[in-house]
Amino acid sequence: MRYGYWLPIFGGWLRNVADERMQPTWDYVRRLAQRSEQIGYDLTLIAELFLNDIKGIDAPALDAWSTAAGLAAVTQSLELMVAVRPTFHSPAMLAKQAANIDHICGGRLALNVVSSWWSDEARRYGVSFDQHDDRYARTAEWLHVVNEAWTAPRTSFSGKYYKVEDLIVEPKPLRTPRPVIYAGGESEAAKNLIARTCDAYVMHGDPPERIAEKITDMRRRRDAAGLPPMRYGVAGYAILRETEREARDEVARITDVKPGSPGYENYRDWLTNTQLEQRVTLEEYSVSNRGLRSGLVGTAEQVSERVAAFEKAGADLLLLQFSPQLEEMESFASRVIRPS
């Protein structure tokens, strides 16, 4: 199992806890990233939203790509999985910028391609907002241009959404044949696209038995496309305590979200513009990415058993969230990743 974590660019993961003791600042995320690779973490996922989905739209949030460039220069081994939304980035320009960052970090860059869901954010930033299946059609063209830019000496493409003529991107990324491309989604359009064009499938939190079903389904789609096996990642919010009762008390504290809390309007927008296999309750939405459904809650022994169940299900990457991030990551590393 590889262990990754979401970089807390929003100042936390809890929509009803105002101060989680992890400010959205360069100083905090730099210290966090440098310490994480010392204690056994393999990867960080740097999410991309220009507005703060967790603490409310008026709260500060770090930019994903400039943060990634900074981290590329101050870390040594951490894989940097940076989210990118095709509606916000020209594929040719992003391919150039990403290749440059890959050189800065010595070949540790990866992409997490996300088809946008937040219509209000797009409106405020002056970006067109496609309907669901149109977003995935756009993403398919975007991925084609990026892949060709990274692997071909020159490329030309003319589609519905993008057009490039005799495109040159040099230097190419260090990682060959290209940086790893991760993506997630639960609609048919998303799963078919990911199976055909990406290297890894990342999933919202769910129990191991549900994750096993999803992986079986994606393996079937991948085999039908005649492509090599994919990697599989799962999101999870981890709560590690001395007793199960203490862990459950923490769950109760962090899920007491009410209408009117900072993320409540975003919750309704998100439900409107996504096609999920399962409905998400407001209590679950109080922790992002359905993380509590993964069940990484309890004693070190219980959580370790749950990790083993995910590995048996076929997952090879956990994308973890903690609060407060640095302190809880230290505990998880010493008791689950590298127990003494």
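The values are calculated or read from the model by the stated rules, or taken from the named source; none is laboratory data. Here the structure is a predicted model, which means the values were calculated and not measured. All Cβ positions, even for glycine, are placed from backbone atoms using ideal geometry, and neighbour counts span all protein chains on display. Side chains included, ligands, DNA and RNA excluded: accessible areas come from the protein's heavy atoms. Shrake-Rupley method; radii C 1.70, N 1.55, O 1.52, S 1.80 Å.
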Per GNM of the chain with C-alpha springs under 10 angstrom, the most fluctuating residue out of Thr44, Thr197, Thr216 is Thr216
Restricting to DSSP H runs of at least four residues, report the calculated mean residue ellipticity at 222 nm for the chain, -39500 (n - 2.57) per run over all residues, nearest 500 deg cm²/dmol.
-12500 deg cm²/dmol
Positive end of the charge dipole of the chain (Lys, Arg +1 and Asp, Glu -1 on Cβ, about the Cα centre): tell me which of Ala309, Gly70, Ala140 has its Cα farthest that way.
Ala140
Among the GluC sites (Glu not before Pro) in the stretch 196-243, which ones are in a DSSP loop with at most 15 other Cβ atoms within 10 Å of the Cβ? Mind listing them?
Glu242
Sulfur and carbon atoms: percent of accessible area, the chain [1.4 Å]:
50
Point-charge dipole on Cβ atoms (K/R +1, D/E -1) for the stretch 1-66, about Cα centre, debye to 20:
200
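Over the chain, what is the percentage of antiparallel beta bridges among all DSSP beta bridges, to the nearest 5? Numbers along the way, then the final one.
Numbers: 4 of 37 bridges.
Around 10 percent antiparallel, to the nearest 5.
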In the stretch 71-214, with Lys and Arg counted as +1 and Asp and Glu as -1 at Cβ, which of these residues, His204, Ala110, Ala122, has the Cα nearest the positive end of the dipole, that is, farthest along it?
Ala110
Placing +1 at every Lys and Arg Cβ and -1 at every Asp and Glu Cβ, with all other atoms neutral, what dipole size does the chain have around its Cα centre, in debye to the nearest 20?
620
Would you mind pulling out the separation of the Cα centroids of the stretch 9-75 and the stretch 85-124, in Å?
16
What is the distance in Å between the Cα centroid of the stretch 169-224 and that of the stretch 284-306?
22
At a 10 angstrom cut-off on C-beta neighbours, averaged per residue, how do the peptides 79-87, 92-100, 218-226 rank from highest to lowest?
79-87, 92-100, 218-226
Over the chain, give the accessible area per residue in Å² for a 1.4 Å probe, as an integer.
41
Percentage relative contact order, the chain, counting C-alpha pairs under 8 Å, at least six apart
22
